[in-house]
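Visitor: The structure that follows is given in the form of structure tokens.
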Amino acid sequence: GFAALLGLCFLAINYQPLAHVEVWDHLSFGREIASTRTLPRTEPFLPLLKGVAVSDTSWLAQTVAYLAYSRWGTAALQFLNGLCVIGCFVALAWYGCRRIGSIPWTLAGMAMLFVLDWYQFNILRPQTVGLLCFVLLVIGSTARRLQVRDWVLVPALFALWANVHGSFLAGLAGMACLTLGRAIDLWRRTGRFAAF
């Protein structure tokens, strides 16, 4: 059942048009980065903003998208977008079935994500990669106790995330909230923070 549902979702995402101006803006930045092999320091395209400093936190996603587009065309962009979206749903399906143990509640959660983020899924942009990183971070942070490998995986995820989209700040805020919540829970149960 999950495979068929995810397959239909992937198919629907892959047939979305790439008409939004933001898609081509990101591809233009990717082309600029790929051709100059440097990150732009000032706005390279808008004449009215000539000389204005830019900080391109999405450079890696833009470059990968441009290289895929230049080699395989628009189908590659739709495929990459679909892969990120389906990655979110696969992670949530795995987590829901394992942690909650209820297929109906897992499907309800996946449906809620689909409905709430449908507009975002329709536009190919680095934000979708950021969403996938956020989902993986939340699942990795709440699925089990931290292990030694997490001291490598979490920083590696943030290193990737910080270069594909600026939403990595939401991940840092989420980690801070999770840490604070666990500290408050520990204090409420034991009356001290020493065990934290």
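The values are calculated or read from the model by the stated rules, or taken from the named source; none is laboratory data. For clarity, every value in this text was computed on a predicted model and none was experimentally measured. So basically every Cβ, Gly included, is an ideal-geometry build from the backbone, and we count neighbours across all protein chains shown. Note: areas computed on protein heavy atoms with side chains; ligands, DNA, RNA excluded. Shrake-Rupley method; radii C 1.70, N 1.55, O 1.52, S 1.80 Å.
Visitor: Just going by the charge dipole of region 1-132, with Lys and Arg at +1 and Asp and Glu at -1 on Cβ, which of Ser28, Met112, Tyr69 is farthest out on the positive end?
Guide: With unit charges placed on the Cβ atoms, the residue in question is Tyr69.
Visitor: Taking 41 Å as R0, compute the FRET efficiency from the Cβ-Cβ separation of Arg145 and Lys50 and round it to 0.05.
Guide: E between Arg145 and Lys50, to the nearest 0.05, is 0.20.
Visitor: Taking K and R as +1 and D and E as -1, what net charge do the other residues with C-beta under 15 Å from the C-beta of Ile33 add up to? Don't skip to the answer; put the middle values down first.
Guide: Numbers: positive: Arg31, Arg37, Arg41; negative: Asp25, Glu32, Glu43, Asp56.
Neighbour charge sum, excluding Ile33 itself: -1.
Visitor: While we're on this one: Provide the per-residue ³J(HN,Hα) series for region 2-19, in order, calculated from phi with Karplus coefficients 6.51, -1.76, 1.60 and θ = phi - 60°, each as a whole number of Hz, with x at glycine and proline positions.
Guide: Each residue's phi maps through the Karplus curve to give 4, 4, 5, 4, 5, x, 5, 5, 4, 5, 5, 5, 6, 9, 6, x, 9, 8 Hz.
Visitor: In nm, give the distance between the simple-model label positions of Asp185 and Val90, each being 7 Å from the Cα along the Cα-to-Cβ direction.
Guide: 2.8
Visitor: From the square roots a ≥ b ≥ c of the eigenvalues of the alpha-carbon gyration tensor of region 120-196, which class results: rounded (a/c under 1.5), prolate (a/b over b/c), or oblate?
Guide: Numbers: a/c = 2.89, a/b = 2.10, b/c = 1.37.
Prolate, because a/c is 1.5 or more and a/b exceeds b/c.
Visitor: Of Leu137, Ala53, Thr42, which is farthest along the charge dipole of the chain in the positive direction, counting Lys and Arg as +1 and Asp and Glu as -1 at C-beta?
Guide: Result: Leu137, furthest along the dipole toward the positive end.
Visitor: Classify the chain as rounded, prolate or oblate from the Cα gyration tensor: take a ≥ b ≥ c as the square roots of its eigenvalues, call it rounded if a/c is under 1.5, otherwise prolate when a/b beats b/c and oblate if not.
Guide: Oblate, because a/c is 1.5 or more while a/b does not exceed b/c.
Visitor: Whole-Hz ³J(HN,Hα) for each residue in region 56-73, computed from phi via Karplus 6.51 cos²θ - 1.76 cosθ + 1.60 with θ = phi - 60°, x for glycine and proline: what do you get?
Guide: In residue order, the calculated couplings are 8, 7, 9, 4, 5, 5, 5, 5, 4, 4, 5, 4, 5, 5, 5, 8, 10, x Hz.
Visitor: Mean separation of Cα pairs under 8 Å and 6+ residues apart, divided by the residue count of region 28-182: what relative contact order is that in percent? Please report the intermediate quantities before stating the final value.
Guide: Values: 137 pairs, mean separation 37.5, N = 155.
Relative contact order for region 28-182 comes out at 24 percent.
Visitor: When the Karplus curve 6.51 cos²θ - 1.76 cosθ + 1.60 is applied with θ = phi - 60°, which whole-Hz ³J(HN,Hα) does each residue of region 123-135 get, with x for Gly and Pro?
Guide: These are the phi-based 3J(HN,Hα) values: 10, 6, 7, x, 4, 5, 5, x, 5, 4, 4, 5, 4 Hz.
Visitor: Where a ≥ b ≥ c are the square roots of the eigenvalues of the C-alpha gyration tensor, would you call region 89-163 rounded, which needs a/c under 1.5, or, failing that, prolate if a/b is larger than b/c, or oblate?
Guide: Oblate is the answer for region 89-163, as a/c is 1.5 or above yet b/c matches or exceeds a/b.
Visitor: Just add up the charged neighbours of Thr42: K/R +1, D/E -1, any other residue whose Cβ is under 13 Å from the Cβ of Thr42. Before the final figure, lay out each step's value.
Guide: Numbers: positive: Arg41, Lys50; negative: Glu32, Glu43, Asp56.
Combined, the nearby Lys, Arg, Asp and Glu give -1.
Visitor: Let me ask you something else. In whole Å, how far is the Cα centre of region 15-48 from that of region 69-143?
Guide: Between the Cα centre of region 15-48 and that of region 69-143, the gap is 24 Å.
Visitor: Quick check for you: with a 1.4 Å probe and neighbouring chains kept, what is the accessible area per residue of region 64-174, in Å²?
Guide: That works out to 55 Å² for each residue.
Visitor: Can you show me the helix-derived [θ] at 222 nm for the chain, built from DSSP H runs with n ≥ 4 at -39,500 (n - 2.57) apiece and divided by the number of residues, rounded to the nearest 500.
Guide: It lands at -23000 deg cm²/dmol.
Visitor: Counting only protein heavy atoms and using a 1.4 Å probe, what share of the accessible area of region 123-196 belongs to carbon plus sulfur, as a whole percent?
Guide: After summing per-atom areas, the C and S share lands at 71 percent.
Visitor: Taking the 0 to 90 degree range and rounding to the nearest ten, how far is the long axis of helix 103-116 tilted relative to the main principal axis of the chain, both from C-alpha atoms?
Guide: 40
Visitor: Quote the charge dipole size of the chain about the Cα centre in Debye, to the nearest 20; the model charges only the Cβ of Lys and Arg (+1) and of Asp and Glu (-1). Can you show the working numbers first?
Guide: On the way: 15 positive and 8 negative charges, 157 e Å.
The dipole of the chain has a size of about 760 debye.
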